[in-house]
Each structure stands twice: as C-alpha cells, then as structure tokens.
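FYI, it's all coordinate maths here, none of it is from the lab. What you are looking at is a predicted structure, and each value in this text was computed from that prediction instead of being measured. Here the Cβ is made from the backbone with ideal geometry for all residues, glycine too, and neighbour counts use every protein chain on show.
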Amino acid sequence: MKKFLRSKLLWLLLLTAVIVAAVAFSLDGLSGRVSSNQAEFVEESVRRSAVQCYAVEGRFPSNEEGVAYLEANYGLSVDYSRYAVYYESMGGNLIPQIRVFGIEK
C-alpha cells in the first residue's frame, strides 16, 4: 500500500512540475507580446501627436524639435526608461519616420 501511495505521489509531483513549467513558459511568451504591443502603442501615440501638430500648425516638428516638442505642446508622454524613440523628419510637410524600441532591463 505504501509503495502504491509513493508512486502516486511521485506522479502527482511530476505532473505538477510539468504544469508549472508550461505556465511559466506561456507567461514568458505572453510578456514578450505585451511588451511589443506596448511599443507599438507608444509609436502610434508619437505618430498621432505629430499628425495633430501638422493639422494645427501646418508642419511636422523638425529633427531638432522632435519628440520633445510634441511632449511640450501636444500632451505626449514617453517613458524613456522603457522606450527609445527614433524620430526623423523628412521636411515640414512630410510625415516623419518614427520607430519605438523597447529597452530591456
């Protein structure tokens, strides 16, 4: 009887370990997708602010003004400890190239 209980306990512990490993692996993959989606959201926020600037002022911010201008005048907020923003203006009347990259800690 004790041997039967030990084998059942061993199988139960093994099954629990497999389930815990599967959940941990799934959460790690989910974390990566969420981080990617958040960077896309920040990128879209920067783009919307630039388009709003163009609608109001008739021009996109220059490279010198960049994202700081959008933050100061259009309510944009970027957490630079989590994201790096690439902003390149191609001219006042052309939409800038905008890319946002997550910073891993």
Simple spin-label estimate for Val20/Arg59, 7 Å along Cα→Cβ, in nm, reads 6.2 nm
Cβ-Cβ cut-off under 12 Å around Gln97, Lys and Arg +1, Asp and Glu -1: the net charge is 0
Cα extents of region 42-104 along the principal axes, largest first, in whole Å, come to 36, 22, 19
Cβ density ranking, 10 Å radius, fewest first, applied to Glu88, Glu43, Glu71 yields Glu88, Glu71, Glu43
Per-residue Cβ contact counts at 10 Å, fewest first, order Val78, Val51 as Val51, Val78
